[in-house]
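Colleague: Sending over a structure as structure tokens; questions will come in a sec.
A short reminder: the numbers here are calculations on the coordinates, not readings from a lab. Owing to the predicted nature of the structure, the values given are computational and were not obtained by experimental measurement. Here the Cβ is made from the backbone with ideal geometry for all residues, glycine too, and neighbour counts use every protein chain on show.
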Amino acid sequence: MTAPKTSNKPSTKHHRVDARFASLLAEDFGIPAATVLDALEGEPQKAAIAVCAWAAERTDDPTRALRCWAKKHNRGRCRAHRRGHRSSPGDSRDGIREQQDERRRGTTPARRRGVAGGLDAAWIRANVERMSS
């Protein structure tokens, strides 16, 4: 069996963003070091340079752009807050607990019971009849 061919180029993926590198990026791109560290902690340095360059060159507010990028891509310290799932503004831990309680009780929300959009079928029929006449 032959060995797989590998590239002779050394990999730089093990070079990650830390506090020292974040301060260098902050000096170069004019973004606060805390924001760089929050958004890019643990990312490969080459990728971090590219993202900071994008934020500084193509946006009016690079600090906000970097924060939004990290939240959207679940990177840096934002990863701990998102816990690996996409959330919408209406999501909360209480809503998740309510769904779990409904599953335990054997009940399901109205939208899963075949009722269109959680509305009562009789109400829909009455309004359709009223609008058609």
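Colleague: Of all residues in the range 30-55, count the ones that are surrounded by fewer than 17 Cβ atoms within 10 Å (Cβ to Cβ) and among the hydrophobic types (A, V, I, L, M, F, W, C).
Modeller: 6
Colleague: Right, next: Please list, ordered by first then second residue, the pairs with beta carbon atoms under 6 Å, 6 or more apart or interchain, first in the range 50-65 and within 16 Å of L24 (Cβ to Cβ), second among the hydrophobic types (A, V, I, L, M, F, W, C).
Modeller: From residues that are within 16 Å of L24 (Cβ to Cβ), the pairs are C52/L25; C52/F29; A55/A65; A55/L66; A56/F29; P62/I31; P62/A55; P62/A56.
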